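The values are calculated or read from the model by the stated rules, or taken from the named source; none is laboratory data. All figures in this text were calculated on a predicted structure; none of them were measured in a lab. Don't worry about glycine lacking a Cβ; one is built from the backbone with ideal geometry, like all the others, and counts go over all protein chains shown. Note: accessible area is taken over every heavy atom of the protein model, side chains too, but ligands, DNA and RNA are not part of it. Shrake-Rupley method; radii C 1.70, N 1.55, O 1.52, S 1.80 Å.
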Amino acid sequence: MAEEATINQIRPPTYENLITILSIDGGGIRGIIPATILVFLESKLQELDGENARIADYFDVMAGTSTGGLVTAMLAAPNENKRPLFAAKDIKDFYLNHGPKIFPKYGGPFASVRKMVKEMFGPKYNGKYLHGLVKEKLGNTRVHQTLTNVVIPTFDIKRLQPTIFSTYEAKSNPSMDALLSDICIGTSAAPTYLPAHYFETKDSQGNVREFNLIDGGVAANNPALVAISTVTKEVSDRNPDFFPIKPVDYGRFLVLSLGTGSLKNEKKYNASLARKWGILDWLIYGGSTPIIDVFTQASADMVAIHICVVFQALHSGRNFLRIQDNSLTGNLSSVDITTKANLKNLVSIGEGLLSKPVSRVNLETGNFESVENEGSNKQALIRFAKQLSEERRLRELRSLHTKSPK
C-alpha cells in the first residue's frame, strides 16, 4: 500500500488532461449492485494512494438518478472534517441495514390483497422512514457544499419537465441550491412506489421557488449523458475550471457508468400479453410495474448506446466503461424486495459482475456482448483506478507550479 498521505479535494481539470465522471443509474434496492462495485474501485484507489482515499477524491463530476442520486450525495457530502461523509463500504452497509425498513414487506393474513388495494389508491410505501433517514444523514448540507461536483436529475410533475440539480448551477443560482436531503427524496420518489416530494428554496432576493418532484428516472435513469452535457455547458460558458478544453472534446472524458441491473432478455413481458393490457395491467402485472420497467430500461440503454458510439467514433472507447448486468430475473429484478436472501443475492450479483468481461449492448439483439481485448470488469476497474490516481497526482503537481486561470 502507498505511504499514507493527506488527501485533498480534487483539483479542477484545468491542471491536466482528463475530465473524470462517475454515473450511477436508478433502481431502488438494486443500488446495492453499483455500491458493491464501488467498494472494489475504492479499495484499488486506497492501494495506490492510502486508506484515506475516497471515491469523491477522484471524480470531477458524480451523477446519480434515484437510488444512484442517493449514493452520489452520500459519497460527496462532507463530514465535520470536510471529508466524504461515507466510504464506499458504508453505502453497501446502508442498503443492507436500512433497505428492509425503507421497503417493508406486508405481513399477516391477506397480505397480497392488502398490498394490491393499497397500490391502487396510493403509493406502495409512505416514505417516512427513508425521508427521516436521509435528513438525519445529510443534515443541512446544500448542493454547493459537496466535495466534488454532483449532478442529480429529477422530474418536476407540476412543470412537466426535468429539473437537474448540479453543484455548478447551485453556486450561481441560489434558488437551485437546495438541501441534498430534499433532492435525494425527490429523485427517488418513483411513481407508484414512493410519494412525490414538495419543497421550496429562496434566491438572494427572497423570492420563493417551488419544487414538485418525482423520480429522476422519468427523465434520465442513466444520468451519464446528463453529466457530460452539464460539463459541456460549463465549458461553453467559459468556466475557468475547464479552460482550454473545447466543448466537443469528448476524448478528454473518462467516464465510469454503473447500472443497477436489468431484466433478462426473456419473456417476462411480450406482445401477446401487452396487447390485452389496460391501465391497471401496465401499472401492476405479475407483482411489478411494467410501464416503469419499460421506460427506465429503455432510457438507460439508449444513453449507454449513444455514449459508446460517440466514444468509439473518437477512438476513445477505453475512456468509457459501462458495467451492467442484464440477466436479472424474479426477485432480483425487483426494486423493492428486501428479504435477507434477495439482499445477499444482489451483493453476489455485484461481486460477480467484476469477473464478467467488459460488455456493450448490441442494439439489434438487445444482448450484452463481450468487447474484444478488454478483459474483465475487474481488470478494467484496476486500469481506471490507475488512470484516476495518475490524473490526480499530475493535477496536484501542476497546481504547485501553475496559477489557476482567472
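Compute the distance from the alpha-carbon center of the range 177-238 to that of the range 122-174, in whole Å.
5 Å
Stretched out fully, how many nm does the piece from LYS101 to TYR269 gain, at 0.36 nm a residue minus the Cα gap? It would help to have the intermediate numbers written out before the result.
Working: separation 168, 0.36 × 168 = 60.48 nm, distance 2.96 nm.
Here the segment from LYS101 to TYR269 would lengthen by 57.5 nm.
Sort 63-75, 323-335 by packing, meaning the average of other beta carbons within 10 Å per residue, with the highest value first.
Numbers: 63-75: 30.8, 323-335: 18.3.
Highest mean packing first, the order is 63-75, 323-335.
Where in the chain is the longest stretch that carries no chymotrypsin sites (Phe, Trp or Tyr not before Pro) classed as loop by DSSP and with at most 15 other Cβ atoms within 10 Å? Present the calculation step by step, with values, prior to reporting the outcome.
Numbers: sites that count: TYR106, PHE110, TRP277.
Answer from the scan: 111-276.
If you take P(r) over Cα pairs in 10 Å bins from 0, in percent from the coordinates, which of (1) 4, 19, 25, 22, 15, 9, 5, 1, 0, 0; (2) 4, 20, 28, 23, 15, 7, 1, 0; (3) 5, 23, 34, 25, 11, 2, 0, 0 do you get?
(3)
Rolling a 1.4 Å sphere over the protein heavy atoms, what is the accessible area per residue of the chain, to the nearest Å²? List each step's numbers first, then the result.
Working: 18820 Å² over 406 residues.
Value returned for the chain: 46 Å² of accessible area per residue.
Over the range 1-107, what is the mean sequence separation of C-alpha contacts under 8 Å (at least six apart), divided by residue count, expressed as relative contact order in percent?
On the way: 146 pairs, mean separation 34.9, N = 107.
RCO, the range 1-107: 33 percent.
Can you tell me the length gained on complete extension of the stretch SER370 to ASN81, counting 0.36 nm per residue apart and subtracting the Cα distance? Please report the intermediate quantities before stating the final value.
On the way: separation 289, 0.36 × 289 = 104.04 nm, distance 4.30 nm.
Separation in residues times 0.36 nm, less the Cα-Cα distance, equals 99.7 nm.
Quick one: pull the percent of accessible area on the chain belonging to carbon and sulfur, 1.4 Å probe, ligands and nucleic acids left out.
On the way: 10080 of 18820 Å².
Within the chain, the accessible surface is 54 percent carbon and sulfur.
Among GLN145, MET62, ALA73, whose Cα sits farthest toward the positive end of the charge dipole of the chain (+1 at Cβ of Lys/Arg, -1 at Cβ of Asp/Glu, about the Cα centre)?
Selected residue: ALA73.
I'd like the FRET efficiency for GLN145 and ILE279, computed as 1/(1 + (r/R0)^6) with the beta carbon distance as r and R0 of 45 Å, rounded to 0.05. Before the final figure, lay out each step's value.
Details: r = 43 Å, r/R0 = 0.95.
So, using R0 = 45 Å, E works out to roughly 0.55.
Between ARG393 and PHE295, what's the calculated FRET efficiency when r is the beta-carbon distance and R0 is 45 Å? Round to 0.05.
Numbers: r = 42 Å, r/R0 = 0.93.
Approximately 0.60, to the nearest 0.05.
So which trypsin sites (Lys or Arg not before Pro) in the range 272-327 are both in a DSSP loop and have at most 15 other Cβ atoms within 10 Å of their Cβ?
Qualifying residues, ordered by number: ARG275, LYS276.
What number, rounded to the nearest 500 deg cm²/dmol, is the helix-based mean residue ellipticity at 222 nm of the chain, given -39500 (n - 2.57) per DSSP H run of at least four residues and division by all its residues?
Working: 14 runs with 168 residues, N = 406.
Dividing the helical sum by the residues of the chain leaves -13000 deg cm²/dmol.
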